[in-house]
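Report on the following structure.
The values are calculated or read from the model by the stated rules, or taken from the named source; none is laboratory data. Being a predicted model, the structure only gives us computed values, none of them experimental. When we count neighbours, we look across all protein chains shown, and the Cβ atoms used for this are built from the backbone with ideal geometry, even at glycine. These accessible areas exclude ligands, DNA and RNA; they are computed on the full protein's heavy atoms, side chains included. Shrake-Rupley method; radii C 1.70, N 1.55, O 1.52, S 1.80 Å.
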Amino acid sequence: MGDKAHTHPGAAGRASAADHPTSVRNVVLVGHSGSGKTTLVEALALTAGAVNRAGRVEDGGCVSDYDEMEHRQQRSVQLSLVPVEWDGIKINLLDTPGYADFVGELRAGLRAADAALFVVSASDGVDGSTRMVWEECAAVGMPRAIVVTHLEAARADFEVMTRICAEAFGGDDPDAVLPLYLPLRGAPAPDGHAPVTGLIGLLSRKLFDYASGERVESEPDGERLPLIDEARSLLIEGIISESEDETLMERYLGGEQVDVKTLIEDLERAVARGVFFPVLAAAPAADGARQGLGTVELLDLVTRGFPTPLERAAPRVTTPEGAARELRMCDPGESLVAEVVKTSSDPYVGRISMVRVFSGTLRADQTVHVSGHGLADRGHEDHDVDERIGALSMPFGKQQRPVSHVIAGDLACVAKLSRAETGDTLSAKEDPLLMAPWEMPDPLLPLAIQAHSKPDEDKLSQGLARLVAEDPTMRLEHNQDTHQVVLWCLGEAHADVALERLRSRYGVQVDVVPHRVSLRETFGDRAGGRGRHVKQSGGHGQYAICEIEVEPLPNGSGVEFVDKVVGGAVPRQFIPSVEKGVRAQAAKGVAAGHPLIDVRVTLLDGKAHSVDSSDAAFQTAGALALREAAAQARIHLLEPVAEVSVLVGDDYVGAVMSDLSGRRGKVLGTEQTSGGRTLIRAEVPEIEIGRYAVDLRSLSHGTARFDRRYARHEPMPQQVADRLPEEVRAAS
């Protein structure tokens, strides 16, 4: 890491299938939107030789709308795979979106990778959401490194940025976050800003100048040596403190000179173990240049310091029935276990699945077993089927490079898996297995939609099914109370992408309509009602009379029916008919058309006819009696109340609690958690938190998250009910 004088990529360039897990590195790029992840991927691919004549990276991932969709959004919206080769090692670069709405793509990238590059902008610093992802990686021990970009910005300061990274990512050990290189600055411009033209290797004490477009190595002059030695001493102490050789620090402090080879080996082991986190700098190549600043150093770090797939702790594997299964994970000769980490659609090829192979070998034309996780609550069709693998390929932009097989530890794209969805497990047909799912964020922003026209209505169901198959962070709901089709998304940008994909991929135009919550009705006081259904039209008539009393019950009681008829006024065979009619009318509502709940209906009296009474007649009479009772009583509108838990940084607790109170929320309590955060528990009417996913992000600058679950229905204040639009107050 710093000793090599790379002048030509040699065997580098386009990566094909790997031949052994030790020759694979799976790396995910993490950082906020605009930090430069995609630009960095292109710079690394350019240095590795995987570019086209226009100088653009040819590896665009397994998605057909990579350029079009992201151009319209002006940001990355999906996970993409860029495989390159460096010094005989295949590097699968997984570029993730930085915007919070696409955190599902980020989590898929974390699942598929064995190490992470955190990309931070020298002009923007480290945001709260990036810190949260760092903590997630730390919790599972994922190796990490930090890349500082945008060094060309006028106020960019690499030294200041490394201190910020040490404070943000170092936790209790900021000395574990240290730079491996210092920036080499050229002559100052007229405005006084000196551009970064190269790097100073602290371990090697070499200069690496990129000003010519090629990496040129030289010796430092005497003026720079004191600066180098000061930073070098800090780096050496940081490396030695994480060394597995416990005697090394004592020998170093005793004056022993530790040779560079030993330091580099210790550094590589510490990085691979996830206990030391080097800071590097990188910038894209200038026009016409082949190597971007710091890209060689970064590729060296990835190939020599990041772990192989063999060093990763594998996710838990079971049989579809739940029995634990022990496998030699990442063994190409073991039973097949692979996972779909991304699903997309191509108008010409059809469905394309990005797959990470964890065990065994995946072969083209092989029949595999597909096991799903039962995401029926999110609108995903459950499945447990056999499918034939179509073509296997490595992505090269909108083109795919065919391969015959993919071994454990590698990633590839599979064409035409018609039933497999993101998160599904692929295993041997004769040995079905299931991997434990990764954590998915809950979509909490509702998007109510309806078909724009009759032709759209015919295609809507299939389009929505394909949409949720691709994106497990999206939930599809067919609300039986409001009769609305609702797509639950992670945010506004997520919703925009969903609508665009429905239109452009599946040819479905939809209209967004106001989302309605599931309101209820109940009686405010006791009331009686008489249902009389008497008709005579020749032949058998209809005759049924019943008298009921309705009284309110506590929350959660539902509809209770009590029979207090005496003397056979209503024949025993017709009492269930009255109850059926009452319950049917309660389900339809008695005032605004919302279901009636939390009441006791008591049948007191009635009359029957020996010939004309029937089951249908008494059902009708029961319904009429309930409606008459409702006309004599005060009917309360009930609204759903949610239990809300908000995890927020301590700096925003006051603002969040005030906002919840403004939404008619009741704060139940707070609880201090790790990392300077507070958990706020509250009960809030659901009608007040329809856009809370968006509003909370704005309020907390993207650092808070929340979850919600239905608690109960309770009376809506009259002044609130009066303000409701008619289409919300009245049921569909």
Flag for residue 703 being under 33 Å from the mean Cα position of the chain (by Cα), modelled with pLDDT under 90 and under 30 Å from residue 649 (Cβ atoms):
yes
Those residues of region 616-647 that are closer than 30 Å to residue 543 by Cβ and assigned to a strand (DSSP E or B) come to a total of 1
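Is it the case that some residue within region 146-169 is part of a loop (DSSP other than H, G, I, E, B), under 25 Å from the mean Cα position of the chain (by Cα) and closer than 27 Å to residue 203 by Cβ?
The answer is no; no qualifying residue exists.
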Picking from 641, 646, 599, the residue that is at pLDDT 95 or above, more than 30 Å from residue 703 (Cβ to Cβ) and among the β-branched types (Val, Ile, Thr) would be 599
Checked 196, 177 against criteria (within 28 Å of the chain's Cα centre (by Cα) and either open to solvent by 20 Å² or more (accessible area, probe 1.4 Å) or within 24 Å of residue 303 (Cβ to Cβ) (or both)); the one match is 177
In region 586-606, residues that are over 13 Å from residue 550 (Cα atoms) and assigned to a helix (DSSP H, G or I) total 2
Taking the criterion of being of a type in the set (Val, Ile, Thr), surrounded by 14 or more Cβ atoms within 10 Å (Cβ to Cβ) and under 19 Å from residue 175 (Cα atoms), would at least one residue in region 216-223 satisfy it?
no
Among strands (runs of 3 or more DSSP E) entirely inside region 648-732, those with 2 or more residues being open to solvent by less than 50 Å² (accessible area, probe 1.4 Å), of a type outside the set (D, E, K, R) and touching a Gly at 6+ places or on another chain (Cβ under 7 Å) are 677-685
Among 689, 680, the single one that is more than 24 Å from residue 139 (Cβ to Cβ) and of a type outside the set (Ser, Thr, Tyr) is 689
Scanning region 424-471 residue by residue, the ones that are modelled with pLDDT of 90 or more, within 28 Å of residue 369 (Cα to Cα), among the small types (Gly, Ala, Ser) and surrounded by fewer than 22 Cβ atoms within 10 Å (Cβ to Cβ) total 3
Considering residues that are in contact (Cβ under 8 Å) with a residue 40 or more places away in the chain, assigned to a strand (DSSP E or B) and surrounded by fewer than 16 Cβ atoms within 10 Å (Cβ to Cβ), the number found within region 535-547 is 0
message = Tell me whether region 429-450 contains one or more residues that are small (Gly, Ala, Ser) and on the phi > 0 side of the Ramachandran plot.
response = no
(message) Could you go through region 336-343 and let me know if any residue there is at pLDDT below 95 and either farther than 27 Å from residue 141 by Cβ or of a type in the set (Lys, Arg) (or both).
(response) yes
Given the structure, is residue 106 in contact with a helix residue (DSSP H, G or I) (Cβ under 8 Å, 6 or more places away or on another chain), open to solvent by 10 Å² or more (accessible area, probe 1.4 Å), at pLDDT 90 or above and under 29 Å from residue 692 (Cα atoms)? yes
Taking region 109-153 and keeping residues within 30 Å of residue 184 (Cα to Cα), of a type in the set (Gly, Ala, Ser) and surrounded by 20 or more Cβ atoms within 10 Å (Cβ to Cβ) leaves 115, 116, 121, 122, 145
Of the conditions (1) in contact with a helix residue (DSSP H, G or I) (Cβ under 9 Å, 6 or more places away or on another chain); (2) within 30 Å of residue 634 (Cβ to Cβ); (3) at pLDDT 95 or above; (4) open to solvent by less than 60 Å² (accessible area, probe 1.4 Å), the single one that residue 530 does not satisfy is (4)
Within region 264-284, residues open to solvent by less than 70 Å² (accessible area, probe 1.4 Å) and at pLDDT below 90 come out as 283
When you check residue 500 against the structure, is it of a type in the set (Asp, Glu), part of a helix (DSSP H, G or I), touching a residue at least 24 places away in the same chain (Cβ under 8 Å) and open to solvent by less than 50 Å² (accessible area, probe 1.4 Å), yes or no?
yes
Inset, instruction - Test residue 521 against the stated conditions and say whether it is assigned to a strand (DSSP E or B) and open to solvent by less than 20 Å² (accessible area, probe 1.4 Å). - result: yes
Exactly one of 570, 565, 512 is open to solvent by 60 Å² or more (accessible area, probe 1.4 Å), among the β-branched types (Val, Ile, Thr) and either part of a strand (DSSP E or B) or more than 24 Å from residue 712 (Cβ to Cβ) (or both), and that one is 512
From the option list 578, 550, single residue qualifying as open to solvent by less than 50 Å² (accessible area, probe 1.4 Å) and not in a strand (DSSP E or B) is 578
Selection from region 81-103 of residues modelled with pLDDT of 90 or more, closer than 23 Å to residue 283 by Cα and open to solvent by 30 Å² or more (accessible area, probe 1.4 Å) yields 85, 87
If we ask which residues in region 409-422 are at positive phi and at pLDDT below 90, their number turns out to be 1
Over region 614-646, the set of residues farther than 30 Å from residue 583 by Cα and surrounded by fewer than 19 Cβ atoms within 10 Å (Cβ to Cβ) is 645
